[in-house]
1. Mind checking the angle between helix 95-119 and the chain's longest principal axis? C-alpha axes, 0 to 90 degrees, to the nearest 10.
2. Which of 144, 73, 36 moves most in a GNM of the chain, Cα contacts under 10 Å?
3. Please determine, in degrees from 0 to 90 and to the nearest 10, the orientation of helix 76-93 with respect to the longest principal axis defined by the Cα atoms of the chain, where the helix direction is its Cα long axis.
4. Out of 155, 81, 163, any idea which swings most in a Gaussian network model of the chain, alpha carbons joined below 10 Å?
5. Of the labelled options [x] 110; [y] 99; [z] 127, which one gives volume of the Cα convex hull per residue in Å³ as computed for this structure?
6. Multiplying the sequence separation of residue 81 and residue 5 by 0.36 nm and subtracting their Cα-Cα distance, what value in nm do you get?
7. Which whole-number percent gives the relative contact order of region 6-176, counting Cα pairs below 8 Å spaced six or more residues apart?
8. What FRET efficiency do you get for residue 153 and residue 56 if R0 is 35 Å and r is their Cβ-Cβ distance, rounded to the nearest 0.05?
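Only the coordinates and a few stated rules stand behind these numbers; no lab work does. On a predicted model such as this, the values are computed, not experimentally measured, just so you know. We place every Cβ from the backbone using ideal geometry, glycine too, and count neighbours over all the protein chains shown.
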């Protein structure tokens, strides 16, 4: 029976908590722009639905943080600001950029969750089950984003790389501090 290392477990829960909270902040920024500057009811509805999934994910990881007495990342206040700014900024750029933000982040998270599933031992069945479910939700968000106009062609290629690189950096930092 493969057992999960305590440090690995703490890193997984800390970073997933931060990531789900970050996703909500990105959607909050997008919704703020869509309710004030850019009026797009259809896009707003898509984002609100995805945000609801992220809330479910965050509630789970908040409970895990408390139950297991794991310190959240010290970076949460900065990630909150950056998430809202990223969401607001991509929404100002239009529907393609808004949806690309979701697609880019979710692609990184999809791979991130898969790596975590490989690290978790047989002693963490419930956590593995939740991460599998959340990974499926994130994959669905990515697919919805591409089906709703996300593109990484042309100038959007640069935005895609910036978002993916930023997401990977935030993951690495949040695991450790």
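1. Taking Cα atoms only, the helix is inclined about 10 degrees.
2. Judging by the Gaussian network model, the answer is 36.
3. Tilt relative to the chain: about 30 degrees.
4. 155
5. [y]
6. Working: separation 76, 0.36 × 76 = 27.36 nm, distance 3.20 nm.
So the extension gain works out to 24.2 nm.
7. 31 percent.
8. On the way: r = 32 Å, r/R0 = 0.93.
According to the calculation, E is roughly 0.60.
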